[in-house]
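The values are calculated or read from the model by the stated rules, or taken from the named source; none is laboratory data. On a predicted model such as this, the values are computed, not experimentally measured, just so you know. Backbone-built Cβ (ideal geometry, glycine too); neighbour counts: all protein chains shown. Side chains are part of the model used for accessible areas, which takes the heavy atoms of the whole protein and leaves out ligands, DNA and RNA. Shrake-Rupley method; radii C 1.70, N 1.55, O 1.52, S 1.80 Å.
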Amino acid sequence: MINIEAILNEIQEEIQPYLYQGNIANYIPALAKVNPDQFAMSIILFDGSSYNIGCCDTKFSIQSISKVFTFTKSLNIYSKELYKRVGKEPSGNPFNSLVQLEYEKGIPRNPFINAGAIVVTDTLLSHYKSKDNTFDNVLNFIKNISDNQNISFDKEVCESEYEHGFRNLALANLMKSFGNIDNCVEDVVKTYFKNCSIAMSTKELARAMLFLANHGVDPITNHQYITSSQAKRVNSVMLTCGHYDASGEFAFHVGLPGKSGVGGGIVAVVPKIMSIAVFSPRLNSWGNSLAGTKALELFTTKSGLSIF
Ligand code: GLU
């Protein structure tokens, strides 16, 4: 068995020069207030043993990592029907692009670009009826998969994003014009922002992802959240679409299904073995954590644990 502790200690040292490269997301003003030089990495195995370096208890805005959880929930409710409204192909476009959506008639390429996650939120809103009930169900799901009731959202980030969320509102309005949003645009986008503003630490995120490393069954509690076929789909879409137009880049360097968020977090799974979360707020030009991506690349290189 590999020595995870030794590998993490090496990563802790080798990652230092990367911590000062890249830029923090500032299009959501509340996110720009975060200390940019932070770093954390957490790994959890199926027996619950966990390995951590850096500020692994610091909560940060999970942003687009929430898209993994909302896609999982909606897929569980609607099954294949969901793909009538959102695709499963990489977009090759930035996360908030409007162009493709126009010529593809309001059907977003996948659930991990903003437009896709907004449609997924709309499906959840139709199922759970109200904004509050939808968010409560998303948050409860995250609490359950994390086996942790102490998870909440950051009101300041949520409000800050809404005040500056013109592009996401534009995406939602464009999709509404094509008939692909059923509920009130404002309710959908507000719920989407609230999902994005959920705050978690790398320790909590690694724990939350464990069921996806194990065919949809939490290996610690043995609770089945989704079928193994659904878990396969969520992991596949993470591999091909989890890092926007840098998804190929991430697969090439890291070789694991993963999902990033502009808050600086990235989650990844090593199927049948472990789940991993990293955090470092400075982003590369595609909007993915620069040091976080590098740390994952170092990990799969040193451990030999990629899916390939
Ligand atoms: N809430 C962010 C947005 O919609 C999520 C983007 C991301 O994390 O990549 O712009």
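Looking across segment 248-266, the residues that are within 16 Å of the ligand (Cβ to nearest atom) and either in contact with a strand residue (DSSP E or B) (Cβ under 8 Å, 6 or more places away or on another chain) or open to solvent by less than 10 Å² (accessible area, probe 1.4 Å) (or both) come down to Phe250, Gly258, Lys259, Ser260, Gly261, Val262, Gly263, Gly264, Gly265, Ile266.
Screening segment 232-308 for strands (runs of 3 or more DSSP E) wholly inside it with 2 or more residues that are under 17 Å from Leu45 (Cβ atoms) returns the ranges 265-270, 274-279.
In segment 84-115, the qualifying residues are those that are open to solvent by less than 20 Å² (accessible area, probe 1.4 Å) and within 11 Å of the ligand (Cβ to nearest atom), and the one that is nearest to Lys176 (Cα to Cα) is Ala115. Here Ala170 meets the list (1) within 16 Å of the ligand (Cβ to nearest atom); (2) assigned to a helix (DSSP H, G or I); (3) surrounded by 21 or more Cβ atoms within 10 Å (Cβ to Cβ); (4) aliphatic (A, V, I, L, M) almost entirely, failing just condition (3).
When the test is whether a residue is over 20 Å from the mean Cα position of the chain (by Cα), at negative phi, of a type in the set (Phe, Trp, Tyr) and not in a helix (DSSP H, G or I), Tyr18 does not pass it. The residue pairs whose first member lies in segment 196-210 and is touching a residue at least 40 places away in the same chain (Cβ under 8 Å), whose second member is assigned to a helix (DSSP H, G or I) and within 16 Å of the ligand (Cβ to nearest atom), and whose beta carbons are closer than 6 Å, counting only pairs six or more residues apart or on different chains, are Cys196/Gln63; Cys196/Ser66; Ser197/Val157; Ser197/Cys158; Ile198/Ser66. Applying the condition of being of a type in the set (D, E, K, R) and outside any loop (DSSP other than H, G, I, E, B) to segment 38-81 and asking which residue is surrounded by the most Cβ atoms within 10 Å (Cβ to Cβ) yields Lys67. Elements of the type helices (runs of 4 or more DSSP H) sitting completely within segment 178-222 and holding at least 2 residues that are open to solvent by less than 10 Å² (accessible area, probe 1.4 Å), out of contact with any helix residue (DSSP H, G or I) (no Cβ under 8 Å at 6 or more places or on another chain) and under 21 Å from Asp57 (Cα atoms): these cover 202-208.
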